[in-house]
Amino acid sequence: MNSVCSLNSQWRCISYLQAILYCFWLLLFVLISTPLLASRQYCDISLDQKIMGLSHGTTKKSNLNTGLGSAVGITTSELNFDWIMSNEPEHSQSIGLNTLYTIINFDRINPMTNGHLHTWGLPIAGSYTTNETEVFYDVTPGISVSSNALKNPELINSESLQLTTSLIVQKKHNENLTWIYGFMSDYRFGDYQLYPLAGVCLEPAQGWLLQLAVPDFSIQKKFSSLFNLTFYISPEGNKWHVFSKDLQSNSELTYNSIITGITAHWSVTPSIELNLDLVKQSKKVFNLVSDDNQLISADADSSMELKLSGRFLF
């Protein structure tokens, strides 16, 4: 009897330990969530550290203009890893893993998906430096599907694949001004497309960094080495290949918007950073197919998003 009781106690200890570890990782996921701003930053690109970042954001529900009194809300959770493969004075390269989990909640319409969407990417990034010019590149193959496709990987096909890219050139003009130009390819403007970027990075005074560029604009004010604020405007969007509950039908779901936000950035320690974003999502557009195969294309009212993010630097 004593040996049985001892065995039961051991199993209880293991169960308690598993519960504690689960709560720890859940708390870590919610509280230390991505370091990167919601906008793309061309003026402050760094490829010299190993990074783990997490984020969690929730958007307040807003009216979806379908004429049915419907509404839509979005929740996102993200986990990113970046590993430095080489870090030489003239060349750096990194590889990574990005996972984005998006939940889109629709009221009074029934899309051909449960609204649980996943985007996984394997970014390969690098930089080259010559004289006063620095070139940054990023190639990210990945998949973007509904959750039931991950449970049935045989459903994943060429329509589920994505390839986002960027090539950014920084050409220094003087100590306070750097020209930036290049291109990107992604779904931020609807269908997959290649588009240009251009502008300048300007430091008009100590502690200020202005990214006067299209399509991503930002103004950063650094108050100290530990804290800064960034105001930004950027396009946002993605596409998912989704499947019906019975897996017999499939379609595309797309979402696009313009985001205007402000980020409070705090360097807690040299290796831990936290961000808090308050974001307005406007000009929101959803394109999807309902569970009865009806095409729905509708815009939604503006809404606010609160996002907590952070990263570990190694």
- Could you tell me whether segment 123-132 includes any residue that is out of contact with any strand residue (DSSP E or B) (no Cβ under 6 Å at 6 or more places or on another chain), under 20 Å from GLN41 (Cβ atoms) and in a strand (DSSP E or B)? yes
- Item | Whichever residue in segment 272-293 is closer than 14 Å to THR113 by Cβ and of a type outside the set (Asp, Glu) and, among such residues, is nearest to the chain's Cα centre (by Cα) | PHE286
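Regarding SER185, is this residue in a strand (DSSP E or B), among the polar types (S, T, N, Q), more than 26 Å from VAL285 (Cβ to Cβ) and touching a Ser or Thr at 6+ places or on another chain (Cβ under 9 Å)?
Judged against the criteria, SER185 is not a match.
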- Note on the structure: Expected single match for in contact with a Phe, Trp or Tyr (Cβ under 6 Å, 6 or more places away or on another chain) and surrounded by 13 or more Cβ atoms within 10 Å (Cβ to Cβ) among SER185, SER166, SER144, SER160 is SER144
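What about LEU197, is it of a type in the set (A, V, I, L, M, F, W, C), out of contact with any Asp or Glu (no Cβ under 9 Å at 6 or more places or on another chain) and not in a loop (DSSP other than H, G, I, E, B)?
The answer is no for LEU197.
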- Among the strands (runs of 3 or more DSSP E) confined wholly to segment 202-265, which include 1 or more residues that are touching a Phe, Trp or Tyr at 6+ places or on another chain (Cβ under 6 Å) and modelled with pLDDT under 95? none
- Message: Quick check on segment 220-242. Is at least one of its residues exposed (fewer than 15 other Cβ atoms within 10 Å of the Cβ), out of contact with any Pro (no Cβ under 7 Å at 6 or more places or on another chain), among the small types (Gly, Ala, Ser) and farther than 30 Å from HIS118 by Cα?
- Response: yes
- Item | Residue among LEU278, LEU253 that is exposed (fewer than 14 other Cβ atoms within 10 Å of the Cβ) and aliphatic (A, V, I, L, M) | LEU278
- If only one of ASN110, ASN152, ASN174 is under 30 Å from ASP246 (Cα atoms), out of contact with any helix residue (DSSP H, G or I) (no Cβ under 6 Å at 6 or more places or on another chain) and at pLDDT 95 or above, which one is it? ASN152
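The values are calculated or read from the model by the stated rules, or taken from the named source; none is laboratory data. The shown structure was predicted, so the numbers you read here are calculated from the model rather than taken from an experiment. All Cβ positions, glycine included, derive from the backbone under ideal geometry; neighbour counts span all protein chains shown.
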